[in-house]
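A short worksheet on the structure shown next.
Throughout, read-outs are computed from the coordinates displayed, never taken from laboratory work. None of these values were measured; they are calculated from a predicted model. Ideal geometry is used to build each Cβ from the backbone, glycine not excepted, and the neighbour counts take in all protein chains shown.
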Amino acid sequence: MSSQKSGSVKEIIFIDDNTLEFEFTDRISIFDKLIPSTIPGKGTTLCNEGVFWFQKVENLDIKTHFIKQVAPNRMRVKRVRIIRDYNKIDTTSTNYLIPLEFIARHYVAGSLYERVKKKNISAETLGFKPGHVVTYGEKLPTPYIETSTKLEAVDRLLDKEEALAISGLTEKEYNTIFDTILKIDELIEHEVSKRGLIHVDGKKEFAFDDNRELMVIDVFGTADEDRFWDRSVWENGECVEMSKEFVRKYYELIGYKKALYKARDEKAPEPDMPVPPDELIEQAVQLYKLMQYKIMGVE
């Protein structure tokens with residue numbers, strides 16, 4: 001008999017010991033909080049985009065946990081173990097979620113730019129020549145991949161040594177994941193550039209199957225997981241968000257993000273998130289529809 005668990009934006013249904021079903025809802029989460037409104041139709045577009053990329057990468061002989069799409073906003077996937085105790089994972093473990101997130105960045109944006117401004121990361125680290133002044137929106141000389149925790153209460157960035165220590169990955173497997181990410185992102189950029197998008201950055205997750213073969217899991221390349229910009233506008237010097245970042249920017253502009261993070265830093269009660277205006281919701285509805293076309297090439 002199946003059971004169910006609610007995530008921030010997905011309902012996870014346990015079909016059997018080997019199978020999960022993801023139901024993509026119309027909820028939207030930013031700053032690790034749900035906004036007090038839904039985006040009608042959002043879940044269906046994200047499910048369709050996720051299925052699109054799973055089928056594309058499997059044509060590249062990249063293994064995934066995807067089984068089939070069973071409804072416009074539902075897909076079934078292979079189930080893997082969640083092992084929260086790092087001490088119970090080693091290089092012989094099988095059938096488990098690798099407790100890491102991998103963030104591949106191709107342009108200077110988001111939190112990366114914030115760290116550059118605070119001098120927490122240098123231009124040279126990003127592949128620029130010494131003395132280069134990093135600007136928002138510029139293309140990185142080479143892709144910059146970061147690793148963070150996946151199963152901890154607050155995500156934190158990891159160096160390679162700790163990432164290997166907590167994940168049970170060998171150095172060869174770790175490098176294989178990096179190579180796989182770059183191969184997938186090359187495919188994403190190739191596809192979306194046909195329809196006027198730039199693939200800016202995005203996250204991916206992996207697991208091992210019963211034979212300790214790597215699988216790409218969760219979803220990737222969607223308007224929620226990844227950041228996209230309008231190419232024609234970018235070429236004129238402006239970065240227009242074509243993803244969930246559009247909604248996040250609204251809450252930054254009204255000062256909510258600053259108030260929220262101040263409360264978190266001070267261990268104070270978090271302020272309630274304001275209800276977004278109807279116009280923002282309608283714009284978001286249209287953006288998610290547009291992005292399904294821009295990503296997949298279909299309405």
Worksheet item: Exposure proxy check: 242, 75 ranked by fewest other beta carbons within 10 Å?
Response: 75, 242
Worksheet item: Amide H neighbours of residue 105 under 5 Å, counting only residues 5+ apart in sequence or on other chains, H built in-plane at 1.01 Å?
Response: 144, 145, 146
Discussion item. Taking 0.36 nm per residue of sequence separation and subtracting the Cα-Cα distance, how much length would be gained by fully extending the chain between residue 273 and residue 117, in nm to one decimal?
Written reply: 53.4 nm
Worksheet item: What is the extension gain from residue 183 to residue 60, computed as 0.36 nm multiplied by their sequence separation minus the C-alpha to C-alpha distance, in nm to one decimal?
Response: 43.4 nm
Fill in: Residues of type aspartates and glutamates that residue 63 reaches as a straight line, Cα spacing below 12 Å, ignoring anything fewer than 8 places off in the same chain
209, 213
Item to complete: Would you tally the net charge around residue 114, using a Cβ to Cβ cut-off of less than 12 Å, leaving residue 114 out, and scoring K and R as +1, D and E as -1?
Response: +4
Fill in: Cross-link pairs 5/203; 88/172; 42/203; 42/172 - those with Cα-Cα distance over 31 Å
42/172
Fill in: Among 154, 247, 216: highest mean-square fluctuation, GNM of the chain, C-alpha pairs under 10 Å
154
Practice prompt. Sort the following peptides by mean Cβ neighbour count (other Cβ atoms within 10 Å, averaged over residues), highest first: 171-183, 50-62, 101-113, 260-272.
Written response: 101-113, 50-62, 171-183, 260-272
Worksheet, complete the sentence: Simple SL model, points at 7 angstrom along Cα→Cβ for residue 253 and residue 156; separation in nm is 3.6
Worksheet entry | Exposure proxy order (Cβ contacts within 10 Å, fewest to most) of 239, 47 | 239, 47
Worksheet item: Scanning the chain for helices, which whole DSSP H stretches are 30 Å or more long along the axis (Cα) and average -1.0 or more by Kyte-Doolittle?
Response: 171-193
